[in-house]
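Report on the following structure.
The values are calculated or read from the model by the stated rules, or taken from the named source; none is laboratory data. Remember, it's a predicted structure, so these values are computed and weren't measured experimentally. So basically every Cβ, Gly included, is an ideal-geometry build from the backbone, and we count neighbours across all protein chains shown.
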Amino acid sequence: MAQTDDDPLLALYLERRTNLVRFLAARAGSLAAAEDLAQDLYLKLVSRDPTPDISNPLALLYKMALNLMLDRARGEARSAARDTAWRQVERTEVGGVAIADEPPADEAAASAQRLRQLVAAVAELPPQAGRAFRLHKLDGLSHAETARVMGLSVKAVEKHVSAALKALTARLGARGGAGGPP
Amino acid sequence: MSEAWIRGEDARRASAADWLVRLQSPDLADLDEQVAEAVAFDNWLAAHPANVAAYDAVLAVTLELQNAAAAIGKAFEDGPVARAALARRSPAATRGWLIAGALAAAATVALTVTPFAGLQTAGSAPKSYVTAKGERRAVKLADGSTIELNAGSALSVTLGAHERHVTLAEGEAVFDVAADKARPFIIAAGDRTVRVVGTRFDVRRRAGELSVTVERGLVEVNPAEGAPHSGMAGRGFRLRPGQRLDHREGAGEVQLSAADPAQVSSWRAGRLIYRDRPLSEVVADLNQQFAKPIAIDDPVLAQTRVSGVLVLDDQDAVIRRLALLAPIKALPSPQGVLLRRDEAAKP
């Protein structure tokens, strides 16, 4: 597109868009929310005056993305609650993909089977890693809270959670292979 | 598969899991530190395609587990798996687990109870909303939904007790629909009906051409009652975010394509964004924004593909910028403005 020639920041955005989505998905906890944020960032970029000389464009790009997240967190606490409630009422997300309510019977059976796989994989984690994972990821405690409950350091909790994610990915992530942002 | 390769994959997966854990626990208070971490992460991804693959795998599994957290937690409370896991836990640990469970339960209750209390209106008479050329308007409905009308649009809204109904007579609008499972939100546009399963999408009906683009959630597009039930147009489609449906009224087919919803609904921010769209579509859009009609007298030129962003301010300025995106020159005509192929422009 013509406008990227004189706008290195927009050009870099288009080049690194999928990495931005990967970063935002980790932070926001959902690919859909990450895509939303990436789109907002795009609109912000195309609506501003191009700045040809930027010393560190990649840092600026991520700074803008983080600021967008902060703005959203502040301004949209209400609608976030609404969205979450809406998701809980109307649909579920599996692997970041929204599944409509009342799925066809075969889909329901497939997701029930997948849920059993998820539960079994979590249940068979090594004890400490499994506990850290359940407290942090399933019950939503922060690393610090998990550390307090388990009587460990925050660093140790992070190590356990990371080990759990690695083991769970090795066990659950093989189907299809591609599962991340497009 | 060699042993070294497996070790390499294992190590990458460990690095990917470490990165994800770091990104998901932003204990860095300072924005600049977070930026530095993000840049380091981006550089790590860019360093090797295998890093990207490993991270995507860890991310997909993590998001899947997080989304299924409530169901997994419940299985642990109910099932034999959970009892076995409980037996392995020390008494001190059990207390922490119970406190954590209580916190999570409280959070869940708060989220499910809050929304939409008091929004159950019984039903209302139809209300009409019309925008003139160049006018855009946001309407807040009594149920909490919002409709943003593009220029030159007309629609009517009926909030019934069992159904929320909108008829889009002409034009384009972005719908942000409040969840209300008891009252589906249905939009009639020509010979299609759009049933809302999700929340945010753009519907456009101009001169018998219908398009629906989904930004968030799920949307169903079905033939209206009485529409011909043959061929591809005879069936319903369920659209996901980033999908677009195009249909000419009365025609036997429906096109599905990928679309950038931010581009489609960019008119809300006073901009039009196109990626590989025909010039005729751009001109049709501009003619809804400005009083002076623009015409193209060359059917081949009308099909020329256009990509770029047009900021909607002054009509002459917009046409000048359009000339940078397409090989056109603008001539004044008795009716308004005529676009001709600019032979001097590079093909």
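Restricting attention to the stretch B:287-308, does a residue exist that is small (Gly, Ala, Ser), surrounded by 20 or more Cβ atoms within 10 Å (Cβ to Cβ) and in contact with a Leu (Cβ under 9 Å, 6 or more places away or on another chain)? Scanning the stretch B:287-308, I find no residue that is small (Gly, Ala, Ser), surrounded by 20 or more Cβ atoms within 10 Å (Cβ to Cβ) and in contact with a Leu (Cβ under 9 Å, 6 or more places away or on another chain), so the answer is no.
How about the stretch A:1-97: which helices (runs of 4 or more DSSP H) wholly inside it have at least 3 residues that are at pLDDT 75 or above and of a type in the set (D, E, K, R)? Quick ask: steps written out before the conclusion?
Numbers: elements: A:8-28, A:31-47, A:57-75, A:77-90.
Where helices (runs of 4 or more DSSP H) fall fully within the stretch A:1-97 and carry at least 3 residues being at pLDDT 75 or above and of a type in the set (D, E, K, R), they are A:8-28, A:31-47, A:57-75.
Looking only at the stretch B:188-204, residues that are over 17 Å from the mean Cα position of the chain (by Cα) and either within 17 Å of residue B:242 (Cα to Cα) or in a strand (DSSP E or B) (or both) come to 4 in all. Selection of the stretch B:326-347 for residues being in contact (Cβ under 8 Å) with a residue 40 or more places away in the chain and more than 13 Å from residue B:294 (Cα to Cα) yields B:326, B:341.
Does residue B:321 fit the bill of being assigned to a helix (DSSP H, G or I) and among the charged types (D, E, K, R)?
Details: assigned to a helix (DSSP H, G or I): yes; among the charged types (D, E, K, R): yes.
For residue B:321, the condition - assigned to a helix (DSSP H, G or I) and among the charged types (D, E, K, R) - is met.
Those residues that are away from every other protein chain (no Cβ under 13 Å) and hydrophobic (A, V, I, L, M, F, W, C), I need them from the stretch B:175-192; list them, please. Hits for the stretch B:175-192 are B:175, B:186, B:187, B:188, B:189. In the stretch B:55-69, the residues that are farther than 21 Å from residue B:10 by Cα and not assigned by TED's automatic domain parsing to the domain that holds residue B:8 never reach a residue that is buried (at least 24 other Cβ atoms within 10 Å of the Cβ) and of a type in the set (D, E, K, R) with C-beta atoms less than 9 angstrom apart, at least six apart or across chains.
Among the numbered conditions (1) modelled with pLDDT of 90 or more; (2) loosely packed, with under 14 Cβ neighbours inside 10 Å; (3) of a type in the set (Lys, Arg), the only one that residue A:175 does not meet is (1).
Do any residues in the stretch B:1-23 that are modelled with pLDDT of 90 or more have Cβ atoms under 6 Å from those of residues that are among the acidic types (Asp, Glu), where the two are at least six apart or on different chains, and which pairs are they? Taking only residues 6 or more apart or on different chains, the pairs are B:21/A:158.
Evaluate the following for residue B:201: is it modelled with pLDDT under 85 and aromatic (Phe, Trp, Tyr)? Give the steps one after another, and end with the answer.
Values: modelled with pLDDT under 85: yes; aromatic (Phe, Trp, Tyr): yes.
Here the answer is yes, as residue B:201 does meet what is asked.
Scanning the stretch B:37-47 for residues that are more than 9 Å from every other protein chain (Cβ to nearest Cβ) and either touching a residue at least 24 places away in the same chain (Cβ under 8 Å) or under 11 Å from residue A:20 (Cα atoms) (or both) yields a total of 1. Taking the stretch B:153-175 as the range and being assigned to a loop (DSSP other than H, G, I, E, B) and crowded, with 21+ Cβ neighbours inside 10 Å as the test, only B:153 passes.
Is it fair to say residue B:255 is within 14 Å of another protein chain (Cβ to nearest Cβ) and among the polar types (S, T, N, Q)? Spelling it out, it is not the case that residue B:255 is within 14 Å of another protein chain (Cβ to nearest Cβ) and among the polar types (S, T, N, Q).
Scanning the stretch B:309-326 for residues that are surrounded by 17 or more Cβ atoms within 10 Å (Cβ to Cβ) and not hydrophobic (A, V, I, L, M, F, W, C) yields a single hit, B:315. If you go through the stretch B:123-133 and pick out every residue that is surrounded by 13 or more Cβ atoms within 10 Å (Cβ to Cβ) and either among the hydrophobic types (A, V, I, L, M, F, W, C) or farther than 18 Å from residue B:169 by Cα (or both), you end up with 2. When restricted to residues that are in contact with a Pro (Cβ under 8 Å, 6 or more places away or on another chain) and outside any helix (DSSP H, G or I), the stretch B:245-263 contains 2. Considering the stretch B:268-304, and only residues there that are within 12 Å of another protein chain (Cβ to nearest Cβ) and touching a residue at least 24 places away in the same chain (Cβ under 8 Å), the residue that is farthest from residue A:43 (Cα to Cα) turns out to be B:276. Among residues of the stretch A:29-69 being touching a helix residue (DSSP H, G or I) at 6+ places or on another chain (Cβ under 8 Å), at the interface with another protein chain (Cβ under 8 Å from one of its Cβ atoms) and aliphatic (A, V, I, L, M), the one that is nearest to residue B:217 (Cα to Cα) is A:31.
Of the residues making up the stretch B:59-73, those that are farther than 11 Å from residue A:169 by Cα, facing chain A (nearest Cβ under 7 Å) and among the small types (Gly, Ala, Ser) are B:68, B:69, B:71, B:73.
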